[in-house]
1. Are there GluC sites (Glu not before Pro) in the range 1-106 that DSSP marks as loop and that have at most 14 other Cβ atoms within 10 Å, and which are they?
2. Based on the mean of other beta carbon atoms within 10 Å per residue, what is the order of 136-142, 201-207, 162-168, most packed first?
3. What pairs from Lys5/Lys179; Lys35/Lys208; Lys208/Lys229; Lys155/Lys229; Lys15/Lys155; Lys121/Lys199 go past 20 Å between their alpha carbons?
4. One-quarter of the Cα convex hull surface for the chain, in nm²?
5. Excluding Thr133 itself, calculate the net charge of residues whose Cβ lies under 14 Å from the Cβ of Thr133, where each Lys or Arg counts +1 and each Asp or Glu counts -1.
6. Quick one: Cα convex hull volume of the range 176-229, Å³ per residue?
7. Quick check for you: which residues of the range 190-228 have the amide N under 20 Å from the point 7 Å beyond the Cα of Ala38 toward its beta carbon?
8. In the range 180-201, whose amide N lies under 20 Å from the spot 7 Å out along Cα-to-Cβ of Ser158? List them in ranges.
Amino acid sequence: MSHVKRQTVIVGNWKMNKTIAETVDFIASFIPLMKNSAAQILLAVPYTAIRSAAESALDTDIFIGAQNVSDAEEGPFTGEISASMLIEAGAQFVIIGHSERRRLFHEDNQLVNRKVLHSLKDDLYPIVCVGETLKEREAGKTHEILQQQIEESLKGLSKEQMEFLMIAYEPVWAIGTGKSATPEIAQEAMLYCRELIAKSWGQAVAEKIVILYGGSINVENAGVLLEQKDIDGLLVGGASLNVETFGQIVNNQKINIVRK
Ligand code: PGA
């Protein structure tokens with residue numbers, strides 16, 4: 001598949017970390033650190049911090065988003081938050097189907113699909129997560145799982161809608177374990193995801209879509225992963241919590257030399 005230039009995107013996924021005050025401090029310290037980065041930078045913060053984060057990031061190139069969304073618009077769903085509520089709070093994107101949501105909160109591809117459709121309807125930009133477990137990889141089922149996750153989670157989306165989302169390939173065995181996928185493993189799986197997209201939505205969509213790698217990203221491995229031709233960006237968990245570390249990741253030479 002020929003390589004078109006896609007914008008490098010670096011997303012921080014804070015998970016259940018940082019108070020409002022900590023969020024405001026982080027962004028104030030981060031703004032001078034990210035000024036020279038050629039990457040598009042997104043921060044997925046806790047629900048409670050979205051409004052303050054959006055205010056702190058006003059007039060910067062940082063996009064603020066959420067880590068989850070309901071599949072419903074409104075109603076008797078205690079504890080849920082809809083896409084329009086997130087947008088009102090200042091979110092521009094949302095992570096959907098993260099493996100922690102799939103594993104701990106029993107989200108399946110069908111629910112992920114409804115959440116994606118609901119978010120798109122409200123113009124909330126989805127980042128849809130896919131990835132195999134260690135057991136699935138060892139059983140030789142990586143491709144099968146990725147195919148099922150992509151086909152079912154993105155079912156019914158038009159080509160136009162496919163241009164309004166990103167995919168994050170996050171092998172479950174690499175998340176929070178300190179064991180990142182090798183660049184070769186990540187590249188192979190991510191090329192496969194792109195080929196699946198080409199098969200269902202056509203070559204032009206596949207060449208445009210941004211696919212992120214996530215799983216134990218740190219300052220040392222960020223550059224070599226970004227060198228791979230189908231890795232367009234990174235979804236960073238633990239290493240996005242420290243402002244200096246995240247600052248180093250977004251300023252990685254590979255972004256600034258290769259992508260500028
Ligand atoms: P990690 O998390 O970087 O801490 O492994 C990544 C993620 O869960 O998105």
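1. Here the GluC sites (Glu not before Pro) that fit, given the DSSP loop and packing criteria, are Glu73, Glu74, Glu80.
2. 162-168, 201-207, 136-142
3. Lys5/Lys179; Lys35/Lys208; Lys155/Lys229; Lys15/Lys155; Lys121/Lys199
4. Over all viewing directions, the chain projects a mean Cα-hull area of 12.8 nm².
5. After counting each charged neighbour, the total is 0.
6. Convex hull of Cα atoms, per residue: 77 Å³.
7. Within reach of a label on Ala38, which here means backbone N under 20 Å from a point 7 Å along Cα→Cβ, the range 190-228 contributes 208-213, 219-228.
8. Correct set: 197-201.
Rule-based calculations on the coordinates, nothing more; no lab input. Because the structure is a prediction, the values reported are computed rather than measured. As a convention, Cβ positions derive from the backbone with ideal geometry for all residues, glycine included, and neighbour counts pool all protein chains shown.
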